[in-house]
Amino acid sequence: FPVTISRFGSLKFKRQQVIGPYIVDFVCYERKVIIELDGGQHQSRETKLYDSQRTAFLESKDFRVLRFWNHEVFLELEGVLEAIFLALQKSVSP
C-alpha cells in the first residue's frame, strides 16, 4: 500500500490483524471497517468462494469489509481513499 495506513484522520488502523480464523489486511476497530487489498490470485473460482465465506464471517461480526484490487490503489488512489472515507462516515454510531 503506497500510503502508510496507521491513521485516517483521527481514526487508527491496524495492519495484519487476526479476527476469528482470518488475518485481515487493515482494520479500524473503532468504526469496525476492514480494508482488504486483493491481487490477481483472488480471481480464481476457489479463491472467490473463500473470500465470500470470509467476508460473510467478518460481516457476521458487524464489520464492514471494503475490497480493492491492488491496481486500483496504484492507479486510482484518490478514489480508493474517498471510498474509505465514505465508509468510515457511514460507520459512525448515531
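Computed from the coordinates by the stated procedures, all read-outs in this text should not be read as laboratory data. As the structure is a prediction and not an experimental result, all values here were calculated from the model. Quick reminder, even Gly has a Cβ in these numbers, built from the backbone with ideal geometry, and neighbours come from all protein chains shown.
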| task | Grab the other residues whose beta carbon is less than 12 angstrom from that of residue 64, score K and R as +1, D and E as -1, and report the net. | result | +2
| said: If packing is taken as the average number of other Cβ atoms within 10 Å across a peptide's residues, how do 80-88, 25-33 rank, most packed first? | reply: 25-33, 80-88
| said: Below 12 angstrom from the Cβ of residue 89, what's the summed charge of the other residues (Lys, Arg +1; Asp, Glu -1)? | reply: +2
| note | Phi angles of the range 72-88, converted by Karplus (6.51 cos²θ - 1.76 cosθ + 1.60, θ = phi - 60°) into ³J(HN,Hα) in whole Hz with x for Gly and Pro, give 5, 5, 6, 9, 9, 4, 4, x, 5, 5, 5, 4, 5, 4, 5, 5, 5
